[in-house]
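The values are calculated or read from the model by the stated rules, or taken from the named source; none is laboratory data. Quick caveat, the model's predicted, so the values are computed rather than measured. Please note: Cβ atoms are built from the backbone with ideal geometry, for glycine as well, and neighbour counts cover all protein chains shown. Note: accessible area is taken over every heavy atom of the protein model, side chains too, but ligands, DNA and RNA are not part of it. Shrake-Rupley method; radii C 1.70, N 1.55, O 1.52, S 1.80 Å.
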Amino acid sequence: MRPPVLLPLSFFRVALPLALLMSAACSSSDKDTSISDKTLLYSDFEQLDGWCPPNPSLTTDFAHSGRFSIKTAPDIEYSLAYIKTLGLISPKRIKRVKLSAWAYLPEASSGSARLTLAFDDPAQGNKLLLSEAIDLGEAAPEQNKWQEVSKEITLPDNIEFTHEMRIFIWKSSATTPTYIDDVRVDVLE
């Protein structure tokens, strides 16, 4: 049996602070990726590459975290959309949610895009039941800077577990590209 290797105390005086410094350098203070039982959705779009057909909305032009974000542009009316049946997301009836994301507008636009949360009924030909949006030109007025945007939304009583929740960016009146990253939907009640 080999005797244990004993390291000198000076090794730990150097190695421990270095390890702590490296772990702190790898963390991000402006991004909350924590998932709780109140989080219905979180996406930083990193996992989409290769899983969906090529789409000009999924881009590496700018990203708040990782390499990917989604965008609209003069030639892209709608971004990729998150679409899922509400009953597959939450077993409980939801009354209020908070939609939040990070928005980046690289240049001034004469209009603005809208980050949209919508519910529709597939049994009625995708009849629109609710559509709420964050006007990104108003919520993120500075150019060339990632800005957090959010909106609290009250769901009407007619939203059922069989209805679909959709999240996407609509170009609306924007005349320049608009980028979104780190989208999340949290239950408020």
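Below is a table of values for the structure above.
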| item | result |
| --- | --- |
| Top-ranked residue in segment 158-189 [being polar (S, T, N, Q) and more than 19 Å from the chain's Cα centre (by Cα); ranked as least open to solvent (accessible area, probe 1.4 Å)] | Thr176 |
| Any hit, segment 108-119, residues being free of Cβ contacts under 8 Å to residues at least 40 places away in the same chain and more than 24 Å from Tyr42 (Cβ to Cβ) | no |
| Enumeration of residues in segment 135-157 that are under 22 Å from Asp121 (Cβ atoms), in contact (Cβ under 8 Å) with a residue 12 or more places away in the chain and either of a type in the set (Asp, Glu) or open to solvent by 80 Å² or more (accessible area, probe 1.4 Å) (or both) | Thr154 |
| Residue check, Leu117 hydrophobic (A, V, I, L, M, F, W, C), more than 14 Å from the chain's Cα centre (by Cα) and modelled with pLDDT of 85 or more | no |
| Qualifying residues in segment 100-114 (those that are at pLDDT 95 or above and small (Gly, Ala, Ser)) - the one surrounded by the most Cβ atoms within 10 Å (Cβ to Cβ) | Ala113 |
| Hey, Lys171 in contact with a Lys or Arg (Cβ under 9 Å, 6 or more places away or on another chain) and of a type outside the set (A, V, I, L, M) or not | yes |
